Amino acid sequence: MILETERLYFRELEEGDLGALCLILQDEETMYAYEGAFSDAEAREWLDRQLARYKRWGFGSWAVVRKETGEVIGQCGLTMQPWKDREVLEIGYLFRRDCWHRGYATEAALACKRYAFEVLGAEEVCAIIRDTNLPSQRVALRCGMVPEDTWTKHYRGVDMPHCRYAARRPR
């Protein structure tokens with residue numbers, strides 16, 4: 001276990017989590033900010049990318065497990081992401097649609113924010129969010145992040161404006 005909150009615990013994703021990930025990544029509505037559901041190959045690539053991040057940085061997007069049931073309900077964690085001409089430490093969060101509107105994303109993102117500052121010693125952490133993804137923007141705001149700047153990413157053949165929400169280490 002990497003992190004724990006009142007209702008959740010976090011662990012590294014494993015090969016056996018591909019099915020749980022597909023419940024998220026292959027849901028059209030959940031993945032609207034990514035221009036739709038992922039194929040089997042894209043979901044596999046997503047998992048492989050997380051496993052590689054653990055080896056490279058010692059952190060990545062982690063499985064979020066509901067303590068009450070022991071089931072993987074989402075993923076949340078820290079990744080290095082390109083932003084304009086640099087890399088930034090980002091908190092990312094994705095949850096199964098049946099787990100939305102229960103505060104899990106905010107609870108998980110706040111835990112990752114603390115981890116970034118207290119364990120990794122980061123000076124800043126951010127959330128890079130598509131301009132149309134209002135629920136994720138609200139999570140970032142609830143986590144004390146503020147909009148910093150914008151940039152248009154090109155993904156899946158689409159120009160996608162994104163906003164970078166950021167929080168700095170408390171002094």
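The values are calculated or read from the model by the stated rules, or taken from the named source; none is laboratory data. All values reported here derive from a predicted model rather than from experimental measurement. As a convention, Cβ positions derive from the backbone with ideal geometry for all residues, glycine included, and neighbour counts pool all protein chains shown.
Look at segment 3-15: where a residue is in a loop (DSSP other than H, G, I, E, B) and a partner is not aromatic (Phe, Trp, Tyr), sitting 6+ places away or on another chain with Cβ atoms under 6 Å, you get 5/107; 5/111; 7/67; 13/50; 13/63. When segment 87-102 is filtered for residues that are under 13 Å from residue 8 (Cβ atoms) and either exposed (fewer than 14 other Cβ atoms within 10 Å of the Cβ) or at pLDDT below 95 (or both), only 102 remains.
Sort through 36, 16 and tell me the only one that's closer than 25 Å to residue 3 by Cα, among the small types (Gly, Ala, Ser) and out of contact with any His (no Cβ under 6 Å at 6 or more places or on another chain).
Within the list 36, 16, the selection yields 16.
Cβ separations smaller than 6 Å between residues 6+ apart or across chains give the following pairs from segment 112-127 residues that are surrounded by fewer than 23 Cβ atoms within 10 Å (Cβ to Cβ) and modelled with pLDDT of 95 or more to residues that are in a helix (DSSP H, G or I) and not β-branched (Val, Ile, Thr): 122/116. Scanning segment 53-71 for any residue that is over 22 Å from residue 139 (Cα atoms) and crowded, with 19+ Cβ neighbours inside 10 Å turns up at least one such residue.
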